[in-house]
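J.: Mind looking over this structure? Questions follow.
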Amino acid sequence: MPPNHFKKERVLAKEQHVARRRSLRRFVRKKQKGIPDRLEKVTIRHCAIGDEAALSLLGQATFLESFAGMLDGNDILAHCANQHSASVYLSWLKQSTFGLWIAEIQPGNAPIGYLVIAPPNLPIADPRADDLEIKRIYLLSPFQGTGIGKRLMQEALDHAKHYNSRRLLLGVYSRNTNAIAFYQKLGYKIVGERKFKVGHHEYNDLIMALEI
Ligand SMILES: CC(C)(COP(=O)(O)OP(=O)(O)OC[C@H]1O[C@@H](n2cnc3c(N)ncnc32)[C@H](O)[C@@H]1OP(=O)(O)O)[C@@H](O)C(=O)NCCC(=O)NCCS
């Protein structure tokens, strides 16, 4: 091949590299600019009977997204089928001791995240009658890290204060370092451990608590 050909290929490769870098910079700038717009368009509301299908879809989508690559795939699928069915959410929506919230994005009100508060079901050494448990808090991945989780946790705190609860508890998978850091940032402390069954296997969870 003539030497000119190699020269042309090198120039072309360099141009492609520069174009890729430019495109990446454009993407990052666009993403950074998009975050405040997106945040303003996210509303959070109390759930009611009729929201069970949306909660089930969100529950399954976010559980799969969060734990694919971390937990066994069949366990994830079994857990989604059993613990995130519309009938599970409907039974929670019917119980006055449960609180459920959903985050939705405009336009269109598509669901992007949710929160569930329930009477505690955690093996702790010093259970109190007024304890409440944050049973679930999940966001779809494009909406993580933009303050929506903190807004949902504020709903949990307001709810707990309204019902004169003095402590919020939660269980979190011990390898879910992002969620643990998030809870710690909001003042939650590790107070215990539990085993949590997902599908056919048991996984190690931490129990965390916030004194109100
Ligand atoms: C965990 C989750 C709900 C947090 O919500 P989020 O919207 O991503 O978090 P926010 O942007 O509201 O963060 C709130 C604060 O925590 C901090 N934070 C969040 N993640 C963090 C991390 N991994 N490390 C350190 N700090 C973190 C933020 O910096 C922010 O601090 P600031 O108030 O000083 O700005 C969300 O990321 C999620 O759905 N993750 C996947 C599902 C999951 O793991 N759920 C928990 C199951 S137990």
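The values are calculated or read from the model by the stated rules, or taken from the named source; none is laboratory data. The shown structure was predicted, so the numbers you read here are calculated from the model rather than taken from an experiment. A quick note on method: Cβ atoms are made from the backbone with ideal geometry, for glycine too, and the neighbour counts reach across all protein chains shown.
J.: Evaluate the range 179-195: report whether one residue or more is at pLDDT 95 or above, in contact with an Asp or Glu (Cβ under 7 Å, 6 or more places away or on another chain), within 13 Å of the ligand (Cβ to nearest atom) and not basic (Lys, Arg).
T.: Within the range 179-195, not a single residue is at pLDDT 95 or above, in contact with an Asp or Glu (Cβ under 7 Å, 6 or more places away or on another chain), within 13 Å of the ligand (Cβ to nearest atom) and not basic (Lys, Arg).
J.: Suppose we keep only residues that are of a type in the set (Ser, Thr, Tyr) and within 15 Å of the ligand (Cβ to nearest atom) within the range 161-178. Which one would you say is nearest to His46 (Cα to Cα)?
T.: Taking the candidates together, the pick is Tyr173.
J.: Which is in the same structural domain as Asp72 (by TED's automatic domain parsing) and near the ligand (Cβ under 9 Å from one of its atoms), of Asp131, Asp126, Asp158, Asp205?
T.: Checking each option against the conditions leaves just Asp205.
J.: Mind listing whichever residues of the range 99-127 are touching a strand residue (DSSP E or B) at 6+ places or on another chain (Cβ under 6 Å) and closer than 20 Å to Asp205 by Cβ?
T.: Tyr114, Leu115, Val116, Ile117, Ala118, Pro120, Leu122, Pro123, Ile124
J.: So, one more: Hey, can you tell me all the residues within the range 122-150 that are on the phi > 0 side of the Ramachandran plot and in contact (Cβ under 8 Å) with a residue 40 or more places away in the chain?
T.: Answer for the range 122-150, where residues must be on the phi > 0 side of the Ramachandran plot and in contact (Cβ under 8 Å) with a residue 40 or more places away in the chain: just Gly147.
J.: Inspect all residues belonging to the range 37-60 and state whether any of them is under 25 Å from Phe143 (Cα atoms), modelled with pLDDT under 95, touching a helix residue (DSSP H, G or I) at 6+ places or on another chain (Cβ under 8 Å) and basic (Lys, Arg).
T.: For the range 37-60, residues under 25 Å from Phe143 (Cα atoms), modelled with pLDDT under 95, touching a helix residue (DSSP H, G or I) at 6+ places or on another chain (Cβ under 8 Å) and basic (Lys, Arg): present.
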